[in-house]
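Worksheet for the structure shown next.
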Amino acid sequence: MESQRAGAVLGTADVVILGAGPAGLVLGNILRTAGIDCVILERAARAELHTRARAGFLAANTVRILDRHGLADGLRRHGQQHGTCEFRTDSGRFRLDYGSLGRRERHTVYPQQDLVADLLARYEGAGGRILFASEALAVTDADTDRTRPSVSVRAEDGRPGRWQGRYVAGCDGRHGAARRSLPPGAVRRHHLDLGVSWLGLLAEAPPSLDAIGYAVHARGFAGHMARTAEVTRYYLQCARGTAAGDRSDEWIWDELELRMRAAEHGPLHRGRFLQRMVIDLESDVLEPLRHGSLLLAGDAASLLSPSAAKGANLAVLEAELLADALIAALRHGSTGGLDGYSARCLAHVRQAQRFSQWMTRLLHGLPHAPGRGEPLSPYHEPLQKRPCLDTLRTSPAEQDWFAEQYVGI
Ligand code: APR
């Protein structure tokens, strides 16, 4: 670790943020607006950030948070409201207008790369500092408040160096430097492999349904989510170990149509696949989300399976909670928010995880979380509930509960 303290001091900031995804950029914008001196270190080149298609399914509370901080102009102008799910099974299809149930809230569909572009423009427009192609290698001296933490960095020109701060915010995802820098035993890791894999596809084709489509089929799950008027996200359950390029486009479209019962409900609009990736459904939550002056948010803190599209929504929520806590500490010397940050986040994470795992079992006909056969830990045991599509189809109470959990964060 000594070597990682080496290198010239490239700069200092009150808060050094690792990662320019939803978590890092929302955090950076809120801190900038509050006049807090921060810098974002982002491994990727600027161009890559604008092209990386990720999530895009924003909960009502996420929109409220972004609105509260003046970060929602783009999604207000171009986002599409979605409030209906269509489930397709052997016993037919049923539509659930969740936007008129529960709290009567809808999702806003707005491609994440567009949200990231909006957040970046706003952050830089306000004079925010961000360094692209600057990979954080390790965080050191974060253990106690007596030392200022350092982030060793491989800068764009390849030179080693380090940034010093009062706090470091690890928003660099599940495999980033923040998690890697946590000393052994500093946190507990609650990892659960749900034993299911999806082939995630981005098709250059208009949506085929006017709803979020979930098909439960003997051959496996298939999902349909509009992204824009010209691009649609599909998911196809696949065997663990499948490679993204294993199947031809034609085989994939035929399999999607088979599982979504196109013969009964109409064909899918086909097009070329802009992106393919295999996703193993798992959750990976740390507890606590803080180690000294290093704090984690987003996927670095609490990765959930994509079944209920909670990831980006949790990232925005955690970023706002962390920003509030850091502002109180740096502006007013009040560290209560930082002391309570982890517990506040984890209460939301567990609620989101409970529903996300329920949804995974609902869509894959799993009675429980199979994992790799490992026994469920005391952390995961309470999250299990055997779901049933027929109950969802027939019970108004279950539908209200679904609507509240599905859009809630
Ligand atoms: N140094 C600097 N930047 C890094 C490093 C590193 N060592 N490692 C990763 N990064 C950057 C990535 O390039 C990425 O831009 O950190 C950023 C992490 O962004 P996301 O993966 O989007 O994570 P987060 O902001 O937590 O958002 C989480 O958003 O991507 C969606 O649904 C997805 O659940 C996910 C949610």
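The values are calculated or read from the model by the stated rules, or taken from the named source; none is laboratory data. These figures come from a predicted structure and were not determined experimentally. Every residue, glycine among them, receives a Cβ derived from its backbone with ideal geometry; neighbour counts consider all protein chains shown.
One line per residue, one yes/no per condition, for (1) closer than 30 Å to VAL187 by Cα; (2) within 11 Å of the ligand (Cβ to nearest atom); (3) in the same structural domain as ILE17 (by TED's automatic domain parsing); (4) acidic (Asp, Glu):
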position	(1), (2), (3), (4)
ARG104	no, no, no, no
ASP114	no, no, yes, yes
ARG122	no, no, yes, no
PHE132	yes, yes, yes, no
ALA136	yes, yes, yes, no
PRO149	yes, no, yes, no
SER152	yes, yes, yes, no
GLY165	yes, no, yes, no
* Structure fact -> Here, helices (runs of 4 or more DSSP H) confined to the stretch 35-90 with at least 2 residues that are surrounded by 22 or more Cβ atoms within 10 Å (Cβ to Cβ) are 60-68
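For every residue, the table says whether it meets (1) at pLDDT 65 or above; (2) small (Gly, Ala, Ser).
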residue	(1), (2)
ARG344	yes, no
HIS348	yes, no
SER356	yes, yes
ARG361	yes, no
PRO370	no, no
LEU376	yes, no
TYR379	yes, no
ARG386	no, no
* To do: Check ARG174 against each of (1) surrounded by fewer than 19 Cβ atoms within 10 Å (Cβ to Cβ); (2) over 19 Å from the mean Cα position of the chain (by Cα) and name the one condition it does not meet.
  => (2)
* Quick one: THR62 ticks every box in (1) within 14 Å of the ligand (Cβ to nearest atom); (2) at pLDDT below 95; (3) closer than 20 Å to ALA226 by Cβ except a single one, so which number is it? => (2)
* Structure fact -> Checked the stretch 167-195 for anything within 11 Å of the ligand (Cβ to nearest atom) and not charged (D, E, K, R); matches are ALA169, GLY170, CYS171, GLY173, HIS175, GLY176, ALA177, ALA178, SER181
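Quick grid of which residues meet (1) free of Cβ contacts under 8 Å to residues at least 60 places away in the same chain; (2) touching a Gly at 6+ places or on another chain (Cβ under 9 Å):
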| residue | (1), (2) |
| --- | --- |
| GLY7 | no, yes |
| THR12 | no, yes |
| ILE36 | no, no |
| ALA53 | no, no |
| GLN81 | yes, yes |
| LEU96 | no, no |
| ARG103 | no, yes |
| LEU119 | no, yes |
